[in-house]
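Here's the structure, in structure tokens; my notes come after.
The values are calculated or read from the model by the stated rules, or taken from the named source; none is laboratory data. This structure is a prediction, so every number in the text was calculated from the model and none was measured. Cβ sites come from the backbone with ideal geometry, for glycine too, and all protein chains shown count toward neighbours.
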Amino acid sequence: MQGQDLIRTIPCSGNDSTCYALADCNNFFVSCERAFNPALEKKPVIVLSNNDGCVIARSNEAKAIGIKMGDPFFKIREAVRKYKIHVFSGNMQLYADMSARVHATLREFIPEIEIYSIDEAFIDLGGIQGDMKSLGEKMAYICRRNTGIPVSIGISKTKTLAKIASKLCKQYPKLHNSCYMHRPEDIETVLKKFPIKDVWGIGRRTVAKLDLYNITTAWDFLSAPEDMIRGLMGINGVRTRNELSGIPCIAFEDSIKSRQSIMTSRSFTKEITDMELLSEQIAEFTAMSAEKLRKQGSLCGEIMVFACTNRFRTDETYRNSSAVFKFETPTDSSIELCTAAVRLAHSVFSPGTGYKRAGVCFSDISGKEILQPSLFAAPDRFKHDKLMDAMDRLNKSMGGKAVLIASEGSGKIANTKDHMSPHYTTDWNDIPVAHV
Ligand SMILES: [Mg+2]
């Protein structure tokens, strides 16, 4: 079967079997800033990455000026001045909290949602009766009313088609943030114009390969023989082709996916040449990863620490060193993890070298419930568990880093965050004040 025939398998109306919605927050980080600062509406706004390095979010107005994702901030300073672009340092604490509020609002409609990323969630609408288009409009309206965040709701028979539908909402304001894409003739019209590079699951390298066969739209892809797609992309390509034809092949996962590895790394504003400072940074990254590990109820079996020099320096050879430690018994204790990480930091450090970037990666991750204790497990796990639990609770209720592991130091290295907005929703001192 090819495009035309495949798509005929999609039922013309109703919602008798599978149906998914994708709720995608529009320009999410920018929308979070606007929710507390309405003067930013209709103005060009950008949000910068860690250390104010490069652009990670843009308002439509900033996109129209020509600001690209990933543009280094120092290269666009002139444009920022000329076009009066409003600049913000990434306020991840605010964005994570706003994301949780959007998800909580969506759950009020349908409890089963799959959180796909900080600004996207899939919703299983299978078997639900009624007007899907109005349901989507209502979800978008309530999300905006409850959280201040504009959300696009794309609804269709598969997750891949729902993603395409959500992109249409952003292109066509007339849709009122909700697009129900179900009639085969409509899907055909959309796919014939939809660039293959924007289809979920199609990477940059695949786009280049497909281009050689003149496959540039989603419809070209769907019309290509299955064997050819399988040869070019393997089973994942076939899956995407099926999804585009309305056959669901990507499962709905209603629990937060556990990560298979957890990585925390940063570039430093100034190169680090001091062993103590480097190990404090490594300990801090380890403590951050350990908190994520405990949150998802997992244990880490292996930890890797790396540090590298500045790739862009022409007067020095680029160096990248790493070291790995395997735990006898997997752990989620910040104390054990930081001890190992600091030891590894010492082994990668070489005196006289300036380090520009460093990080920590946890791998060999397993569920806590299936722990196989080692005969030689030294530390008293029960005590560690209680201590970590108390630490996580204190940090959660008091905000930020109320309790630290000693090896994290006292934060001697300041990150550049010159344009940070207040933590409106997570810090009592930053709560917005209403002036009457
Ligand atoms: Mg988005």
Practice task
Being touching a residue at least 12 places away in the same chain (Cβ under 8 Å) and part of a helix (DSSP H, G or I) is the filter here, so list the residues in region 175-196 that pass it.
Solution key: Pro184, Ile187, Glu188, Val190, Leu191, Lys192, Lys193, Ile196
Exercise for the section: Only residues that are of a type in the set (Asp, Glu), closer than 21 Å to Pro432 by Cα and buried (at least 18 other Cβ atoms within 10 Å of the Cβ): list them for region 32-65, please. Expected result: Glu33
Completion exercise
Quick count over region 306-339, residues being hydrophobic (A, V, I, L, M, F, W, C), buried (at least 21 other Cβ atoms within 10 Å of the Cβ) and not in a strand (DSSP E or B), is 2
Completion exercise
Conditions (1) within 16 Å of the ligand (Cβ to nearest atom); (2) without any contact (Cβ under 8 Å) to a residue 40 or more places away in the chain; (3) surrounded by 15 or more Cβ atoms within 10 Å (Cβ to Cβ) -> Ser117 fails only (3)
Practice task
State all residues of region 383-416 that are assigned to a loop (DSSP other than H, G, I, E, B) and either among the β-branched types (Val, Ile, Thr) or at pLDDT 75 or above (or both); if no residue qualifies, say none.
Solution key: Val403, Leu404, Ile405, Ile413, Thr416
Problem - So Lys157, is it within 23 Å of Pro38 (Cα to Cα) and not aliphatic (A, V, I, L, M) - result: no
Practice task
Among what's in region 153-163 and is surrounded by 24 or more Cβ atoms within 10 Å (Cβ to Cβ) and within 14 Å of the ligand (Cβ to nearest atom), pick the residue that is nearest to Val30 (Cα to Cα).
Solution key: Ile153
Exercise for the section: Identify all residues within region 243-258 that are over 23 Å from the mean Cα position of the chain (by Cα) and surrounded by fewer than 19 Cβ atoms within 10 Å (Cβ to Cβ); write none if there are none. Expected result: Ile247
Fill in the blank from the handout: Exactly one of Ala100, Ala96, Ala23, Ala104 is closer than 28 Å to Ala162 by Cβ, part of a strand (DSSP E or B), within 20 Å of the chain's Cα centre (by Cα) and not acidic (Asp, Glu), and that residue is Ala23
Handout entry: Residue within region 26-38 that is closer than 23 Å to Ser265 by Cβ, touching a residue at least 60 places away in the same chain (Cβ under 8 Å) and within 16 Å of the ligand (Cβ to nearest atom) present
Key = yes
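May I ask you to list the residues in region 31-59 that are under 12 Å from Gly148 (Cβ atoms) and of a type in the set (Val, Ile, Thr)? Can you show your working first?
If we filter region 31-59 for residues that are under 12 Å from Gly148 (Cβ atoms), which is where we start, we get 31-38, 40-41.
Across region 31-59, there are no qualifying residues.
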Exercise for the section: Could you tell me whether Lys84 is outside any loop (DSSP other than H, G, I, E, B), more than 29 Å from Ala251 (Cα to Cα), away from the ligand (no atom under 15 Å from the Cβ) and not β-branched (Val, Ile, Thr)? Expected result: no
Practice task
Search region 138-152 for residues being part of a helix (DSSP H, G or I) and within 16 Å of the ligand (Cβ to nearest atom), and hand back the single one that is nearest to Glu61 (Cα to Cα).
Solution key: Arg144
Exercise for the section: From Leu222, Leu232, Leu210, grab the single residue that is surrounded by 19 or more Cβ atoms within 10 Å (Cβ to Cβ), aliphatic (A, V, I, L, M) and farther than 17 Å from Ile250 by Cβ. Expected result: Leu210
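When you scan region 345-362, how many residues do you find that are surrounded by fewer than 23 Cβ atoms within 10 Å (Cβ to Cβ) and under 28 Å from the mean Cα position of the chain (by Cα)? Give the derivation first.
Quick first cut of region 345-362, residues surrounded by fewer than 23 Cβ atoms within 10 Å (Cβ to Cβ) only: 346-354, 356-357, 359, 361.
Now narrow it down to the ones that are under 28 Å from the mean Cα position of the chain (by Cα): 356-357, 359, 361.
Count: 4.
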